[in-house]
1. Which lysines, if any, have their Cα less than 29 Å from the Cα of residue 93, not counting same-chain residues under 8 positions apart?
2. Between residue 651 and residue 355, with labels modelled 7 Å along Cα→Cβ, what's the label distance in nm to one decimal, could you check?
3. If you average the sequence gap of Cα pairs under 8 Å that are 6 or more apart and divide by the length of region 560-709, what percent do you get for the contact order?
4. Return a single number: how many Lys pairs in region 395-547, at a sequence separation of 8 or more or on separate chains, have alpha-carbon atoms below 19 angstrom apart.
5. Quick one: order 201, 686 by neighbouring beta-carbon count within 10 Å, fewest to most.
6. How long are the three semi-axes of the equivalent ellipsoid for region 123-256, computed from the Cα gyration tensor as the root of 5 times each eigenvalue, in whole Å, largest first?
7. What is the packing order of peptides 124-135, 86-97, 695-706, 613-624, taking the mean over residues of other C-beta atoms within 10 Å and listing the highest first?
8. Using the count of nearby Cβ atoms within 10 Å as a rough guide to exposure, how do 405, 82, 717 rank from fewest to most?
Amino acid sequence: MQPIALHKGPAAALAPAGQQAARQAAPKGRAAAPTAASRPASRGAGQRHTGRSPRLVVANTASIETQAQQAPPGPPPPETKYAATVEVAAVEKGVDVVRVACAERLPEVEFNLRRGTTTNSYLLKGAGSGYEALIDVPSLVFNVDFAGQLQSMGAVKTLRYILITRLTPERLPVLASVLRACQQQGLQLWLTNPALQLLNDRAAADENLANALKAVQVEVVSRGSELRLPGKRTLRFIPIPTPRWPDLVSIYSEEDKLLFSSNFFSAHAAPPSLAAGARNGPRSDWGWSEYGADWQYYFDCMLAPAARQAATALERLNINASLSGGKGGGLGAVLSRLADLVTELTMGADDGVAEPLAVSAIAPMHGPVVRQSLTELVRRYGEWTKQQLEAAATASVAVLYASAYGNTASLAQAISHGVTKAGVGVETLNLESAGLDELERLLDRCSGFVLGSPTLGGHMPTQVQTALGTIIRNSNAKQVTCSVFGSFGWSGEAVDMMEKRLKDAGFRFAFDPVRCKFKPTSQTLQLCEESGLDLAQEVKRAQKRKERLAAAKLSVAETASGKALALGRVLGSLCVLTAKDGDAQGAMLASWVSQASFDPPGITVAVKRDRAVESMLPVGAGFVLNVLAEGKDRPVMKRLLKPFKPAEDRFGGMEVLRSEATGAVILPEAASYLECTVSQRMEAGDHYLVYATVDSGKVLQDNAQSVVHYRKIGTSY
């Protein structure tokens, strides 16, 4: 095998707009020309060696991340490190998982269920007893000595292959420490071309990383690449990129019937210790009842905004779940309909029919190994993806962004999550890797858009500025609602520039521009999510305006069914639910409230999916339920029924109390209040039914009567 030179392709180059005169942008819609340095790995390539080391070839153009490092005032402060444990368990014969488990809640929106997380790496044994291949390394944000763990297991003496399914800047220092620790000659590093570009950028600026790579042979993988390990194991690489993860690749071991799925089929949850000793021994695989909500929430946050790419990935993987030992549950029909839909929407862009994968277990990057719930999870992925594609076919918001350190991408993700919560489709586009023709097609079909950018040296990156020019010229984009967002390390001029150019061109904004200095906080993510909700609701209002005007001419009795009229006679107390999460807080009017249990005392509250406060009510969260008093409810209702800006304080200017237990607002004019903890959640159509135990409470107005909410019709509040 010829050594692969680290390089940077011109298609992914991003530079500050102020440096455009010195650099030429890539031609419209054209990818980088392939070179010898980026050729895909061929079948059996893992058996060929030359013993030569790769050169570091740094291109004249620089990526957005490299430019961000060069621009004042320098990179953001280092990430917080989280306490974690390292455990090892068998997945299959000759395959072990090294699980870095963290019980703390990380700040990103995908960790909002507050269940911690695991980051999984996998070790594969060869013909002998030693480990020959390592799949993935954890992030530096976890305070563990991963290279030391591999050394204690004796793996560094025998490892010959390191395979990367997803690479981030935070994983590079850990990767460098593993490369330095490994003792085998001819060590090979297998990864995709986008991951290689990131590696090249960082190696050019990081001497420690460059030195660690000197004795390493680098192999770029693509669709169809295979690695034959000594013995009887062949690994097949299946790229499954998304805009957020352009380097994503899965690895399939036919002999083990095991799919290393990277971020697909993942969940952010830290289960009990593998050594905790369940009745049948250590548990590394739990069922749908344990992790169903975690799998769905991860999908909603990370893959719903990339439903087209998720559909293509599922079609490429083509998992044959009939061999998984579970019930089919209509899986074949679901995936068949999904394949038809993605072919229709993408005009058959993903050519070729994937060979079915006989899979008995899925080994993801985060969360438990999926075995007993394999069929159900794959079936649900097909259903969730199909729902998002159908929603996007009706109305979709385009989320366009470039990101230097991942902070702008985090904002884009939170905005996307808010849009999907409102039932509107999202299509994300990473401007660093997308062509202008792809951008044009997305703008032609979108019902709204947001544009995000970092600020590099006081400017937008070149490709953001190029995209902005395309947006301003696009006839459909001028007719829809929009906004802008961005992160920065000092002054944030890029957001101001985008806002000014769009407003000068007559574009209509759905929410105020979002600006974030360094890493987003809980309050910033709340602002983004609520901004996405506002944008989605504006899109829905625009779609339904004609229908509403027509319906307004008819009386309720003419338009409502007997069932809807009868349902409206069901009464409930009018309450105000308040919650707090870090520096973010929320509130909503609630009348679908009922006592649910005596022992322990419990209540149920129905929360609509698109309510901003819904994301603050995962299992284990605390909230306050204020029961409004007759005659004193009008000021509160008037306050809460008015339109709010995203993340605006619902009680600004009002005299309120605070719960010592939760920090949530207590209304002193309420008849009573309850302090509660969410115990269970259930999907209930377009609502979630939240069951909460009552921890404490107090009657504030002894003689007050509770306000009762009367409705004419059961199809609205």
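Just so you know, all these numbers are worked out from the coordinates, no wet-lab data involved. Remember, predicted model here, so these are calculated numbers, not experimental data. Here Cβ is always computed from backbone atoms with ideal geometry, including for glycine, and neighbour counts include all displayed protein chains.
1. Hits, sequence-local ones excluded: 125, 157, 232, 257, 327.
2. Output for this residue pair reads 6.3 nm.
3. This gives 29 percent for region 560-709.
4. 5
5. Result, fewest neighbours first: 686, 201.
6. Values for region 123-256, descending: 21, 20, 13 Å.
7. The packing order, highest mean first, is 613-624, 124-135, 86-97, 695-706.
8. 717, 82, 405
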